[in-house]
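Encoded as structure tokens, the structure appears first; notes follow it.
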Amino acid sequence: MSKVDACEAEARKKAIFNSMAPRRQKHILKKGYDKWDPFEEPKDPIDIRKDKTNRTSQMLVREFLQSITSEKYSNAYGRGVLDMCIGIINDDERYIGMFEFANWYRELLKREGF
């Protein structure tokens, strides 16, 4: 960065800081004005998370819903699929428990001839 660019960036930073509410300024000063970067790039959105097969939740849901018959599908069914998918990708214990119970129950029904 050239000296002019650095001076311009510092002037913009100061202008942003001065236009903030005093409460927000106090928060920044507490953490350190020198460490504060108002031009920091945003983080990646959460919906880009992928599972172990390197698929996004949207890809998994679409693939699953295309594999079932259309008579089975309803809006509530689709919401349930999406909830389970996101829960499993996020490794949420509640959804992992529901998934494991559903697998166990399917095996129980198979063993008992249903």
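The values are calculated or read from the model by the stated rules, or taken from the named source; none is laboratory data. The structure presented is a predicted model; accordingly, all values stated were derived computationally and were not measured. A quick note on method: Cβ atoms are made from the backbone with ideal geometry, for glycine too, and the neighbour counts reach across all protein chains shown. Just the protein is used for accessible areas: all its heavy atoms, side chains included, with ligands, DNA and RNA removed. Shrake-Rupley method; radii C 1.70, N 1.55, O 1.52, S 1.80 Å.
Using a probe of 1.4 angstrom, how much of the accessible area of the chain is carbon and sulfur, in percent? Show your work: numbers first, answer last.
Numbers: 5460 of 9970 Å².
Here carbon and sulfur together make up 55 percent of the probe-accessible area.
Just order 80-93, 22-35, 56-69 by mean Cβ neighbour count inside 10 Å, highest at the front, would you?
Numbers: 80-93: 15.2, 22-35: 9.8, 56-69: 13.2.
The most tightly packed comes first, giving 80-93, 56-69, 22-35.
Counting only helical runs of four or more DSSP H residues, what would the 222 nm mean residue ellipticity of the chain come to if each run contributes -39,500 (n - 2.57) and the total is spread over all its residues?
On the way: 5 runs with 71 residues, N = 114.
Helices in the chain give a 222 nm mean residue ellipticity of -20000 deg cm²/dmol.
Mind grabbing the accessible area of PHE99 for me, 1.4 Å probe, Å², rounded to tens?
Estimated to the nearest 10 Å², PHE99 gives 100 Å².
So, for the range 1-91, what is the accessible surface per residue at a probe of 1.4 Å, expressed in square angstrom? Present the calculation step by step, with values, prior to reporting the outcome.
Values: 7770 Å² over 91 residues.
I get 85 Å² per residue for the range 1-91.
Give the whole-number value, in cubic angstrom per residue, of the convex hull volume spanned by the C-alpha atoms of the chain. Let's see the in-between values first.
Numbers: hull volume 24.2 nm³, N = 114.
Taking the convex hull of the Cα positions in the chain, it is 212 Å³ per residue.
Measuring from centroid to centroid over Cα atoms, what is the spacing of the range 4-40 and the range 57-114 in Å?
Here the answer is 48 Å between Cα centres.
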